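Asks: Got a structure here, written out as structure tokens. Questions coming.
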Amino acid sequence: MTVDHIGAYLYPDDVIFRIIGRLSMPIFCYLIALGFKRTHNKSNYIIRVLAAAIAAQPFMMLMGNNNVNALYGFVGTMGLILSYDSKKLKKEEIIITISSILLILISDYSFLTPALILSYYLPDSKIKSIVYASFSIILYTVLVNNMINLYALVGPVLIILFSHWDYKLSKTFRYSYYPGHLGALCFIKIIFP
């Protein structure tokens, strides 16, 4: 992801950064799905990701990107899952569902975000998850007509190879990294235009 953003904001004509960056989206969606499955408080999890999305947005805009960042798509997808998991949809869940769909539609990667997160969240086997995720990536690539997204197919392979690793990062680091690295890139772009 960081490599992708370095390419997007500092070296926009050098496609190799974007190719490497394609690997990160499926991996981030896998980690979001895994974290959402394991968390004891799904609402707090959504709020923390939303806070990171809000903190990151001004940096993207300062660098000339007025798109809504991908974290909003993560929040929207988790909102849909939360609504889906509740047995009876109350007024609040209907509002959450509609808001979630809108967030997904306006965020970077649009429908690929929920397709990938649900690919990892719902199935009962890793193989099914990887097949669904790979299909989602291919479909997204065809529909947006941007073949560079096919490099994202390496992401699910990396998930299979490395998902058994148990790593620990502090919550502060995990939630501050996205806005933090965008802030650093913004600073670099302003200092060295």
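For (1) assigned to a helix (DSSP H, G or I); (2) without any contact (Cβ under 8 Å) to a residue 24 or more places away in the chain; (3) not β-branched (Val, Ile, Thr), each residue gets a yes or a no:
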| position | (1), (2), (3) |
| --- | --- |
| Ile95 | yes, yes, no |
| Val142 | yes, yes, no |
| Ile160 | yes, no, no |
| His181 | yes, no, yes |
| Ala184 | yes, yes, yes |
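Asks: Considering only residues that are buried (at least 19 other Cβ atoms within 10 Å of the Cβ) and either out of contact with any helix residue (DSSP H, G or I) (no Cβ under 9 Å at 6 or more places or on another chain) or of a type outside the set (Val, Ile, Thr) (or both), look in the stretch 101-116 and name the one that is modelled with the lowest pLDDT.
Replies: Leu103
Asks: Could you tell me whether any residue of the stretch 92-100 is within 16 Å of Gly76 (Cβ to Cβ), of a type in the set (Asp, Glu) and surrounded by fewer than 16 Cβ atoms within 10 Å (Cβ to Cβ)?
Replies: Within the stretch 92-100, one or more residues are within 16 Å of Gly76 (Cβ to Cβ), of a type in the set (Asp, Glu) and surrounded by fewer than 16 Cβ atoms within 10 Å (Cβ to Cβ).
Asks: Could you count how many residues in the stretch 3-30 are part of a helix (DSSP H, G or I) and surrounded by 15 or more Cβ atoms within 10 Å (Cβ to Cβ)?
Replies: Looking only at that region, the number is 19.
Asks: Going by what's in this entry, would Tyr175 be described as among the hydroxyl-bearing types (Ser, Thr, Tyr), part of a helix (DSSP H, G or I), under 30 Å from Ile16 (Cβ atoms) and within 13 Å of the chain's Cα centre (by Cα)?
Replies: It is true that Tyr175 is among the hydroxyl-bearing types (Ser, Thr, Tyr), part of a helix (DSSP H, G or I), under 30 Å from Ile16 (Cβ atoms) and within 13 Å of the chain's Cα centre (by Cα).
Asks: Turning to a different aspect of this structure: Can you report the number of residues in the stretch 170-193 which are of a type in the set (Ser, Thr, Tyr), at pLDDT 90 or above and loosely packed, with under 15 Cβ neighbours inside 10 Å?
Replies: So the answer is 0.
Let's see how each residue does on (1) out of contact with any Asp or Glu (no Cβ under 7 Å at 6 or more places or on another chain); (2) surrounded by 20 or more Cβ atoms within 10 Å (Cβ to Cβ); (3) not in a helix (DSSP H, G or I):
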position	(1), (2), (3)
Leu118	yes, yes, no
Asp124	yes, no, yes
Tyr132	yes, no, no
Val157	yes, no, no
Trp165	yes, no, yes
Lys168	yes, no, yes
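Asks: For Val144, only one of the following conditions fails: (1) under 13 Å from Ile27 (Cα atoms); (2) among the β-branched types (Val, Ile, Thr); (3) modelled with pLDDT under 90; (4) within 18 Å of the chain's Cα centre (by Cα). What is its number?
Replies: (1)
The values are calculated or read from the model by the stated rules, or taken from the named source; none is laboratory data. All of these numbers come straight from a predicted model, not from anything done at the bench. Because the Cβ atoms are built from the backbone with ideal geometry, glycine has one as well, and the counts that use them run over all protein chains shown.
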